[in-house]
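Working notes, beginning with the structure itself.
The values are calculated or read from the model by the stated rules, or taken from the named source; none is laboratory data. In this text, all values refer to a predicted model and were calculated from it rather than measured experimentally. Here the Cβ positions follow ideal geometry from the backbone for every residue, glycine too, while neighbour counts run over all protein chains shown. The area values use the complete protein model at the heavy-atom level, side chains included, leaving out ligands, DNA and RNA. Shrake-Rupley method; radii C 1.70, N 1.55, O 1.52, S 1.80 Å.
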Amino acid sequence: MVREDRADVAAVGSSYLAPEFNFAAALSAGLGRPVALDWKTANVGPYETLLAYLRSRTFQRQRPLLLVLSLLEGAMVLLPSNRSAFPQHAVGTDAFLGGVRSALGG
């Protein structure tokens, strides 16, 4: 069972992690612990999805011990600033890295 209220593992990614595909539930069963789930549709992209999660109240309230980021192969070669891949959610590389550092307190 996926329970966000006491999870120390979080799965973050695209709609491939949507609850109906059972990734978080399978991960939870395999690890024997609750797994929080945060996903967005594919056109948001992995960079904005990760930043949104790191800035979320859920993350601020309880940081997971393990964060699983689902990255599709196609997105791995794209920079966060790629407007053709992420038209409304592109973010500059420096802004992305700065956002991650800020969210993690570094």
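Observations, loosely collected:
- From the coordinates of this entry, semi-axes √(5λ) of the Cα gyration tensor in Å is computed, and it appears in [x] 28, 13, 12; [y] 24, 17, 10; [z] 31, 13, 11 under the label [y].
- For the stretch 54-106: rounded, prolate or oblate by the Cα gyration tensor [a/c cutoff 1.5]: prolate
- Euclidean distance of C-alpha centroids, the stretch 5-19 and the stretch 42-106, integer Å: 14 Å
- Percent carbon-and-sulfur accessible area, the chain, ignoring ligands, DNA and RNA, probe 1.4 Å: 55 percent
- Extension gain (nm, one decimal) between residue 18 and residue 81, 0.36 nm per residue minus Cα-Cα: 20.2 nm
- Remark: the chain carries 60 Å² of accessible area per residue (probe radius 1.4 Å; ligands, DNA and RNA excluded).
- Residue-averaged [θ]222 nm for the chain, counting only DSSP H segments that reach four residues, each worth -39500 (n - 2.57): -10000 deg cm²/dmol
- Förster-model FRET efficiency, 22 Å R0, residue 71 and residue 43, C-beta, rounded to 0.05: 0.90
- Shown here for the stretch 1-96: trypsin sites (Lys or Arg not before Pro) in loop regions (DSSP other than H, G, I, E, B) with at most 14 other Cβ atoms within 10 Å, namely 3, 6, 83.
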